[in-house]
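Accompanying notes for the structure given below.
No lab work stands behind these numbers, since they all come straight from the coordinates. In this text the structure is predicted, and so the values were computed from the model without any measurement. Cβ placement follows ideal geometry from the backbone for every residue including glycine, while neighbour counts extend to all protein chains displayed.
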């Protein structure tokens, strides 16, 4: 007989590819507003929310914006933050971001995306207002379109961050000190004050170059 389990009893600690968290990484928007990835992380903490991306600003299908996360263990982020993905002039993401538990995320509207081909999406009749859930997955003899490795989760609209518990990822220990000092100096400006600020160069034992 199948027995439902509490979140804390799920096997996150039994394999190195599993994690109880999902991560949202920022990137620089220098061509748009001059902001660095660190600046955009600070903006998230000040607003207390992750703004949803749209068809124009991201890869979201349909009319509903969505906030995006990836289901990747912290230590494996060094293999995501490659030179190709972190190009200075056109990055997909950089080593700055926030993380929340899957338990909190699910309770507040986040769901794993549906990886579907255009033909499958049409066959299933996914309505326009649910297209935020869909990521294109096309398998052909000549080429593949696949983002399965991101193990993405999405939330429709913007995502409100929890005040506690909550954590932040930055590139270096120096960035961690910089952010901590900024929060202490301008505490009233921040809706979110993270309980932990983790340098990825430490937890990943260095980042790929």
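Among the residues of the range 9-26, is any under 18 Å from residue 107 (Cα atoms), in a loop (DSSP other than H, G, I, E, B), in contact (Cβ under 8 Å) with a residue 12 or more places away in the chain and in contact with a strand residue (DSSP E or B) (Cβ under 8 Å, 6 or more places away or on another chain)? Yes, the range 9-26 contains a residue that is under 18 Å from residue 107 (Cα atoms), in a loop (DSSP other than H, G, I, E, B), in contact (Cβ under 8 Å) with a residue 12 or more places away in the chain and in contact with a strand residue (DSSP E or B) (Cβ under 8 Å, 6 or more places away or on another chain).
If you go through the range 185-200 and pick out every residue that is part of a helix (DSSP H, G or I), in contact (Cβ under 8 Å) with a residue 12 or more places away in the chain and surrounded by fewer than 17 Cβ atoms within 10 Å (Cβ to Cβ), you end up with 1.
Among residues of the range 170-184 that are in contact (Cβ under 8 Å) with a residue 12 or more places away in the chain and on the phi > 0 side of the Ramachandran plot, none has a beta-carbon under 7 Å from a residue that is surrounded by fewer than 19 Cβ atoms within 10 Å (Cβ to Cβ) and outside any helix (DSSP H, G or I) at least six positions away or on a different chain.
Looking across the range 35-49, just one residue is part of a strand (DSSP E or B) and under 13 Å from the mean Cα position of the chain (by Cα), and that is 49.
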